[in-house]
1. Using the structure shown, decide if T153 is under 15 Å from T49 (Cβ atoms), of a type in the set (S, T, Y) and crowded, with 22+ Cβ neighbours inside 10 Å.
2. Any residue in segment 115-128 that's touching a residue at least 60 places away in the same chain (Cβ under 8 Å): show its pairings with residues that are of a type in the set (D, E, K, R) and buried (at least 21 other Cβ atoms within 10 Å of the Cβ) at Cβ separation under 6 Å, as long as the two are six or more apart or on different chains.
3. I'm checking my understanding of the structure. Among residues of segment 230-245 that are open to solvent by 50 Å² or more (accessible area, probe 1.4 Å) and touching a residue at least 60 places away in the same chain (Cβ under 8 Å), which one is nearest to the chain's Cα centre (by Cα)?
4. Of the residues that make up segment 213-223, is at least one in a helix (DSSP H, G or I), open to solvent by less than 80 Å² (accessible area, probe 1.4 Å), more than 20 Å from T111 (Cα to Cα) and not β-branched (V, I, T)?
5. Does any residue of segment 160-181 turn out to be crowded, with 19+ Cβ neighbours inside 10 Å, β-branched (V, I, T), in contact with a helix residue (DSSP H, G or I) (Cβ under 8 Å, 6 or more places away or on another chain) and under 17 Å from L245 (Cα atoms)?
6. Given the residues V229, V175, V236, which is the only one that is at pLDDT 85 or above and in a helix (DSSP H, G or I)?
7. Go through segment 96-151 and give me each residue that's under 30 Å from I19 (Cα atoms), outside any helix (DSSP H, G or I) and at pLDDT below 75.
8. Can you name the number of the only condition in (1) open to solvent by less than 30 Å² (accessible area, probe 1.4 Å); (2) touching a residue at least 12 places away in the same chain (Cβ under 8 Å) that G101 fails?
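The values are calculated or read from the model by the stated rules, or taken from the named source; none is laboratory data. Everything numeric here is computed off the predicted structure, so don't read it as measured data. No Cβ is skipped: glycine too gets one built from the backbone with ideal geometry, and neighbour counts run over all protein chains shown. Just so you know, the surface numbers come from the protein's heavy atoms only, side chains and all, with ligands and any DNA or RNA stripped out. Shrake-Rupley method; radii C 1.70, N 1.55, O 1.52, S 1.80 Å.
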Amino acid sequence: MLPFLDSLRTMTYDNSFWIALFRLGVAAFCGGCIGLERGKKRRPAGFRTHMLVCIGATLAMIISQYSTMMVSTFWENIVAFDGNKYTDVSRLGAQVINGIGFLGAGTIIVTGQQEVKGLTTAAGLWASACMGLCIGAGFVEGALVGCVLIILTITVFNHFERVIVSHARNINLYVEFVNVDDVGGIISAIKAQDIRIFDVEIKKSKGHGDNQSAVFSIRLPKKMSHATVMTVLADVDNVRAIEEL
């Protein structure tokens, strides 16, 4: 087993097209596995977000290794002319990766229903920045593979994530009702279905006579659909609106 691991480790130090494809494929798989687990627990950063971040980080590492190789080969004359053989070609790329965080933070918002949106967009911006570093340094092969995987993550895997989330047992429900006193009836209706309640966040209305609202974090019993629990809550007195977050 050890000789196999040594040969695999030696092979992955290469910067060929197939090795880049292998690295980025493993990154997509590992990031997706982590994100899938988070998505089942209804965390804001789920399947696609983790996958994008992992792909982007892999791209950043590939371009760092590629640049180091170029300094000792094709760029050797330029480095010698500069007079500094210890030039760190990754410093500029590091600043780009750090700086993209400010742009990504601007896409993340919290809605009035306490739902976090924009994380996938922020991760896509960050991954795209890493892809741009690859292209700028001339490592087009790695950037092309990363581009395809990022597009697949945002489009094709979006449908896969929806299927997984639709069967998740942990869900968050936004419920609007008339008075704060109605919360007790809603909780009783939920517990009557053998549903476990993790958290209840009540948002008081600022205007007189407006509907009150709350976000319920619950865990459904096995084989109970999301539509079933929403139908049960819709029949509760004074409930005005229900939305799954």
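1. Against the criterion (under 15 Å from T49 (Cβ atoms), of a type in the set (S, T, Y) and crowded, with 22+ Cβ neighbours inside 10 Å), T153 qualifies.
2. Taking only residues 6 or more apart or on different chains, the pairs are T120/R48.
3. Going through the qualifying residues, I end up with E244.
4. Of segment 213-223, the ones in a helix (DSSP H, G or I) are none.
So far as segment 213-223 goes, no, none of its residues is in a helix (DSSP H, G or I), open to solvent by less than 80 Å² (accessible area, probe 1.4 Å), more than 20 Å from T111 (Cα to Cα) and not β-branched (V, I, T).
5. Yes, the conditions are met somewhere in segment 160-181.
6. Every option except V229 fails the conditions.
7. G138
8. (1)
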